[in-house]
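Please treat every number below as a calculation from the coordinates, not as lab data. As the structure is a prediction and not an experimental result, all values here were calculated from the model. Backbone-built Cβ (ideal geometry, glycine too); neighbour counts: all protein chains shown.
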Amino acid sequence: MPHYLTKEGLERLAQDLHRMKTVARREVIERIAEAKELGDLRENAEYAEAKDDQAMLESKILEYENILKNAVIIDNIQDQTGLVSVQIGATVTVEYDSQTASYQIVGSEEADPIARRISNESPLGRAFLGRRVGEKVMVKVPRGEFEYVIVDIK
């Protein structure tokens, strides 16, 4: 399954993975060693917590490796006809209810609604994909149904 990422998102993920494999792993191993020195491992809460943290870290490392292995860099907003349309990676400006807002369409790993980075899998993201400037889009969201007009795509 592809994981859509911007170049920046890919770099950030690769840096986080490197940090987890080097710094975080070393810290967890040190915590386990220190906890072992405390004695009986069966009743050692510090040891159990460190082992749990190690398992979560290794799981996160595997997840990041899988994402990076299946990463698709997003940076092109032209469709096959050469016309600009909303694609993953594009920033789309819309009007709705006499308001204007801009959203960047990103993969789910980089979604941050507060920063107006919406997932291509979200109701808004799915509705905007493939649309062109001037098109009206009806979007059903938990708060109801809204009409958006695409005013710009970058």
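Overview of results
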{"quantity": "Cα long-axis angle, helix 7-19 against the chain (0 to 90 degrees, to the nearest 10)", "calculated": "10"}
{"quantity": "Value of relative contact order over the range 28-133, rounded to a whole percent, pairs C-alpha under 8 Å and six or more apart", "calculated": "15"}
{"quantity": "Percent RCO, i.e. relative contact order, over the range 77-154, from Cα pairs under 8 Å lying at least 6 residues apart", "calculated": "31"}
{"quantity": "Which labelled figure in (1) 161; (2) 141; (3) 152 is volume of the Cα convex hull per residue in Å³, once derived from the coordinates", "calculated": "(2)"}
{"quantity": "Sum of -39500 (n - 2.57) over DSSP H runs of 4+, divided by residues of the chain (222 nm, nearest 500)", "calculated": "-11500 deg cm²/dmol"}
{"quantity": "Helix 45-69 axis, angle to the chain major axis (alpha carbon atoms, nearest 10°)", "calculated": "40"}
{"quantity": "J(HN,Hα) series, the range 127-136, from Karplus relation 6.51 cos²θ - 1.76 cosθ + 1.60, nearest Hz, glycine and proline x", "calculated": "5, 7, 4, x, 7, 10, 3, x, 6, 9"}
{"quantity": "Residues with amide H under 5 Å from that of residue 131, placed H, sequence gap 5 or more", "calculated": "86"}
{"quantity": "Sequence-separation-based contact order of the range 3-73, relative, with Cα cut under 8 Å and 6+ spacing, percent", "calculated": "56"}
{"quantity": "Separation in nanometres of the label points that stand 7 Å from Cα toward Cβ, at residue 14 and residue 66", "calculated": "2.2"}
{"quantity": "At R0 = 41 Å, FRET efficiency that the Cβ-Cβ distance of residue 121 and residue 151 yields, to 0.05", "calculated": "0.95"}
{"quantity": "Hydrodynamic radius (Kirkwood) for the range 3-73, which is based on Cα pairs only, to one decimal in Å", "calculated": "13.4"}
